[in-house]
1. Non-local amide H neighbours of E89 (under 5 Å, H modeled in plane, Pro and chain starts lacking H): which ones?
2. Ranked from highest to lowest mean number of other Cβ atoms within 10 Å per residue, what is the order of the peptides 102-108, 118-124?
3. For I63 and I149 in one chain, what is 0.36 nm times their gap in residues minus the Cα-Cα distance, to one decimal in nm?
4. Going 7 Å from the Cα of V93 toward and past its Cβ, which residues in segment 54-78 have a backbone nitrogen under 18 Å from where you end up?
5. Is any residue of segment 87-129 close enough, with backbone N under 20 Å, to a label point placed 7 angstrom from the Cα of E165 along the Cα-Cβ axis, and if so, which?
6. Taking the Cα-to-Cβ direction at E108 and at Q133 and moving 7 Å from each Cα, how far apart do the two end points lie in nm?
7. Below 13 angstrom from the Cβ of G142, what's the summed charge of the other residues (Lys, Arg +1; Asp, Glu -1)?
8. Quick check on packing: order 72-80, 47-55, 92-100 by the mean number of other C-beta atoms within 10 Å, highest mean leading.
Amino acid sequence: MAKKAKETKDEAETQPVANGGNGAEEAQPKLNILAQYVKDLSFESPGAPQSLRPRENAPGININVNVNANPIAESEFDVVLTLSAQAGEDKDVLFNVELIYGGVFRVEGFPQEHMLPMLFIECPRLLFPFARQVIAEATRNGGFPPLMIDPIDFGQMFQQKMAEEQAKAQVKTS
């Protein structure tokens, strides 16, 4: 076991099964991030430079989050995390920022019933810190304090989305 921890990814994938050939080693679930990327980043500050002046009260900030996943190969998936935020004061928009941040994941060895939670909970959970940093830097570079989005409960988001899908299905069948 200690040797396994020191193996590189390539060594682990190319070595023959050393447990007597019962295949248990091959059945181990694996989740690998193959790539991460910024697909789209938009920052707008329509009222600049007036919108950059110091304020007594913090502006209202509206944040939206969305997750999508698409297969790109048998065990590879493109998971896309979309974060958008709008800061405003009264009717004035201070800034709009939108990020579409993706990751290509290899998901192997998981039971079929675990695939959706893996793609819509675990994968965005791994992407979120990087996307959060991009948003923080964009708002800071736009002249505002960095927007540090609070951690997101992707499990709750997934459960809510599944409940909405079930409700839609029941409406269609009745």
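1. L94
2. Descending packing order for the listed peptides: 118-124, 102-108.
3. 30.1 nm is the gain from fully extending I63 to I149.
4. 59-65
5. What the label zone holds, given the 20 Å backbone N cut-off, is 103-127.
6. 2.7
7. Value of the local net charge: -2.
8. Averaged packing, sorted descending, gives the order 92-100, 72-80, 47-55.
Laboratory data are not the source of any read-out in this text; all were calculated from the coordinates shown. Note that the coordinates shown come from a computational prediction; the quantities given were computed from them, not determined experimentally. Reconstructed Cβ throughout: ideal geometry from the backbone, glycine too, with neighbour counts over all protein chains shown.
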